[in-house]
1. Regarding Ile81, is this residue of a type in the set (Val, Ile, Thr) and more than 16 Å from ligand 1 (Cβ to nearest atom)?
2. For the range 74-82, check the following and say yes or no: at least one residue is open to solvent by 30 Å² or more (accessible area, probe 1.4 Å), on the phi > 0 side of the Ramachandran plot and not in a helix (DSSP H, G or I).
3. Can you give me the number of residues within the range 43-60 that are at pLDDT 95 or above, on the phi > 0 side of the Ramachandran plot and part of a loop (DSSP other than H, G, I, E, B)?
4. Which residue, of Glu169, Glu92, is at pLDDT below 95 and either surrounded by fewer than 21 Cβ atoms within 10 Å (Cβ to Cβ) or touching a strand residue (DSSP E or B) at 6+ places or on another chain (Cβ under 7 Å) (or both)?
5. What tally of residues in the range 137-148 results from selecting those that are hydrophobic (A, V, I, L, M, F, W, C) and either in the same structural domain as Asp31 (by TED's automatic domain parsing) or open to solvent by 30 Å² or more (accessible area, probe 1.4 Å) (or both)?
6. So the check is Cβ under 6 Å with 6+ separation or different chains; which pairs have a first residue in the range 34-46 that's within 18 Å of Gly59 (Cα to Cα) and a second one that's near ligand 2 (Cβ under 8 Å from one of its atoms)?
7. Based on this model, can you work out whether Gly22 counts as within 16 Å of ligand 1 (Cβ to nearest atom) and either touching a residue at least 60 places away in the same chain (Cβ under 8 Å) or surrounded by fewer than 14 Cβ atoms within 10 Å (Cβ to Cβ) (or both)?
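The values are calculated or read from the model by the stated rules, or taken from the named source; none is laboratory data. Because the structure is predicted, anything quoted here is derived from the model rather than measured. All Cβ positions, glycine included, derive from the backbone under ideal geometry; neighbour counts span all protein chains shown. Just the protein is used for accessible areas: all its heavy atoms, side chains included, with ligands, DNA and RNA removed. Shrake-Rupley method; radii C 1.70, N 1.55, O 1.52, S 1.80 Å.
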Amino acid sequence: MLAIELTNLQKTYAGGFAALKGIDLKVAQGDFFALLGPNGAGKSTLIGILSSLVLKTGGTCTIMGLDIDRDGARAKSHLGIVPQEFNLNIFETPRQILIHQAGYYGLPAKIAAVRADKYLAELGLTDKAHVQTRMLSGGMKRRLMIARALIHQPAILILDEPTAGVDIELRKLIWNFLTELNRQGTTIILTTHYLEEAENLCRHIAIIDRGLIIAHTQMKTLLNRLGQQTYIVDLSKPIKKSPQLKHFAPTLVDAHTLEIAVKRHQPMNALFAELTAKRIAVANIREKTNRLEQLFLELTTKEAAP
Ligand code: ADP
Ligand code: MG
């Protein structure tokens with residue numbers, strides 16, 4: 001059984017704007033899945049349909065094998081959703097919010113209290129448990145929304161841009177938390193336009209652009225499809241000008257640094273051989289660009305071409 005299956009999913013908003021133009025998507029149980037796309041691509045619309053905040057205008061959607069049209073309530077009970085916009089009752093305390101949410105799912109009060117405290121602790125919110133939520137920072141509110149989405153321990157956690165506007169340290173905390181949750185078996189789907197986030201966390205990825213899926217594959221496969229990659233080469237000894245190589249065109253960034261583009265079919269050995277022949281000693285080599293970002297540009301510019 002798949003965690004999520006979307007077939008020809010469509011959404012045309014009142015007014016005629018087609019935000020989703022026939023999405024086919026399968027997410028396996030236990031997966032860590034990224035839905036990557038620029039602003040306006042349709043990510044939140046898709047998640048809105050899953051969480052039944054948005055009514056689809058075509059296609060089918062199943063969650064843990066349950067069709068949302070026939071079995072909406074049961075289907076929804078398998079989902080925890082962390083929306084893009086804050087939608088917390090800011091006059092309640094974090095602990096109250098979690099306990100109320102547990103109430104919606106019919107959890108006994110004792111279990112609710114234990115779980116609330118567990119998730120507050122795991123997300124670093126214990127010392128804010130009893131203050132009004134309006135006093136929390138943006139990052140804390142985001143973590144509280146994650147705790148709230150998990151209170152009924154759903155099989156699938158969906159996060160819509162979970163780390164937008166969250167600083168690096170907190171982002172890492174959230175990443176570690178999600179990684180551990182996934183390791184324990186929860187299927188995780190997140191949307192992001194932080195490419196690094198998708199690359200670091202996710203096993204599978206779909207790229208959505210203007211309401212259509214333009215790529216859907218393993219993260220590894222997708223990264224392998226990249227045409228070329230630019231490397232920064234740190235040199236052991238300074239050089240004055242860029243070396244003339246047969247198969248590569250390095251640029252001298254400074255006396256200790258070269259930048260070299262390597263095409264996918266070109267072996268790295270060839271690069272080292274040529275540098276060695278020129279008596280250039282390499283101290284270190286690293287990737288210049290985020291490969292996913294490069295790939296995304298490639299895919300979307302091709303799509304845009306007539
Ligand atoms: P994303 O989350 O990828 O940024 P959205 O799903 O929020 O994209 O939006 C997709 C497109 O649908 C955008 O062009 C947006 O303006 C449009 N849209 C979103 N919500 C509505 C709505 N309620 N009415 C009309 N158009 C909408
Ligand atoms: Mg969105």
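1. Values: of a type in the set (Val, Ile, Thr): yes; more than 16 Å from ligand 1 (Cβ to nearest atom): no.
So Ile81 does not fit the description; no.
2. Filtering the range 74-82 for residues open to solvent by 30 Å² or more (accessible area, probe 1.4 Å) gives 74, 76-78, 81.
Still in the running and on the phi > 0 side of the Ramachandran plot: none.
So far as the range 74-82 goes, no, none of its residues is open to solvent by 30 Å² or more (accessible area, probe 1.4 Å), on the phi > 0 side of the Ramachandran plot and not in a helix (DSSP H, G or I).
3. Here the count works out to 0.
4. Working: Glu92 fails: at pLDDT below 95.
After applying the criteria, what remains is Glu169.
5. Restricting attention to the range 137-148, the residues satisfying the condition of being hydrophobic (A, V, I, L, M, F, W, C) are 140, 144-147.
Filter again for either in the same structural domain as Asp31 (by TED's automatic domain parsing) or open to solvent by 30 Å² or more (accessible area, probe 1.4 Å) (or both), leaving 140.
Adding up the residues that qualify gives 1.
6. Once the first residue is within 18 Å of Gly59 (Cα to Cα) and sits in the range 34-46, its partners that are near ligand 2 (Cβ under 8 Å from one of its atoms) give Lys43/Thr191; Ser44/Gln84; Ser44/Asp160.
7. Working: within 16 Å of ligand 1 (Cβ to nearest atom): yes; either touching a residue at least 60 places away in the same chain (Cβ under 8 Å) or surrounded by fewer than 14 Cβ atoms within 10 Å (Cβ to Cβ) (or both): yes.
So Gly22 fits the description; yes.
Quick grid of which residues meet (1) without any contact (Cβ under 8 Å) to a residue 40 or more places away in the chain; (2) in the same structural domain as Leu292 (by TED's automatic domain parsing); (3) more than 23 Å from Leu50 (Cβ to Cβ):
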{"site": "Ile158", "(1), (2), (3)": "no, no, no"}
{"site": "Lys172", "(1), (2), (3)": "yes, no, yes"}
{"site": "Leu181", "(1), (2), (3)": "yes, no, no"}
{"site": "Gln184", "(1), (2), (3)": "yes, no, no"}
{"site": "Ile188", "(1), (2), (3)": "no, no, no"}
{"site": "Thr191", "(1), (2), (3)": "no, no, no"}
{"site": "Tyr194", "(1), (2), (3)": "yes, no, no"}
